[in-house]
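The values are calculated or read from the model by the stated rules, or taken from the named source; none is laboratory data. In this text, all values refer to a predicted model and were calculated from it rather than measured experimentally. Ideal geometry is used to build each Cβ from the backbone, glycine not excepted, and the neighbour counts take in all protein chains shown. Note: accessible area is taken over every heavy atom of the protein model, side chains too, but ligands, DNA and RNA are not part of it. Shrake-Rupley method; radii C 1.70, N 1.55, O 1.52, S 1.80 Å.
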Amino acid sequence: YAVFFFSGLKFLENFSPWKFTIFTFVIIFYPVYEGYSSIALKQGLGIIFMILSIFLVKKIYSFKSLFLILASIMSHYVFLLFYFVLYISKFFSTKILTYLFVFCVLGYIFKLNGILFYYVIEYFEPLHQSMYHETWLRINPEVKYSFVAFSFFPLLLFQNIKFRTYASKNFLFKMLYKFHLLYCAIIFLFFSEFYYINRFLVLSWIFYPFYLLIFLNITKFNFKI
């Protein structure tokens with residue numbers, strides 16, 4: 001993954017459409033010729049393409065980002081949900097998404113969302129009749145308070161006036177912040193008892209260094225500290 005990532009960064013320094021197309025198609029079909037990945041598609045590679053599709057193109061969902069989006073989805077199907085939520089979150093205000101996020105988290109803590117999880121299981125179970133279906137359908141009814149606390153990190157930063165002002169002006173940050181609220185709300189609402197719930201939530205946690213860097217810049221904290 002590191003080789004692919006840094007090769008892509010180096011490659012983009014000398015950008016040309018035909019080289020970019022060849023490189024992307026080689027990566028897209030990686031799960032096929034790698035062998036193991038053709039059975040268990042890997043989330044880590046998808047995260048790399050996800051980051052590239054957001055930070056290395058001028059506009060997400062543009063033609064240039066399309067190849068990276070496809071590569072991300074073909075690496076792991078969870079990125080279908082990621083890009084869908086990222087797209088629809090722009091139609092909602094930050095205030096509404098904040099209320100929805102808090103409501104869904106409280107539902108998760110008080111175990112009010114469990115019934116929705118079983119509807120999801122009933123829907124997907126026929127699609128996973130394989131040697132891995134028992135692993136995929138593992139259930140853990142225990143509330144993961146550490147996941148809840150960690151998911152509140154951007155919301156806590158948002159209480160800072162400078163941070164909130166910056167969020168309203170910067171399109172990319174505002175898009176990612178709104179995505180975080182809606183995505184976490186959906187995961188806590190529909191996948192509340194899924195054993196690997198953290199594997200879903202990590203797609204929103206992965207941007208935390210970005211949020212923290214912005215917070216340090218606008219509040220003028222000492223970087224040595």
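Using the structure shown, list the pairs from 58/144; 90/111; 144/169; 64/111; 58/111; 111/169 with a Cα-Cα distance above 32 Å, or answer none. Violating the 32 Å Cα-Cα cut-off are 58/144; 144/169; 64/111; 58/111; 111/169. The 3J(HN,Hα) values that the Karplus relation (6.51, -1.76, 1.60; θ = phi - 60°) gives for region 100-106 are, in residue order, 5, 4, 4, 4, 5, 5, 5 Hz. Gly and Pro appear as x. Residues of region 81-96 with an amide N closer than 19 Å to a point placed 7 Å from the Cα of residue 168 along the Cα-to-Cβ direction: 90-96.
Among 67, 92, the order of accessible area from largest down is 92, 67, computed with a 1.4 Å probe on protein heavy atoms.
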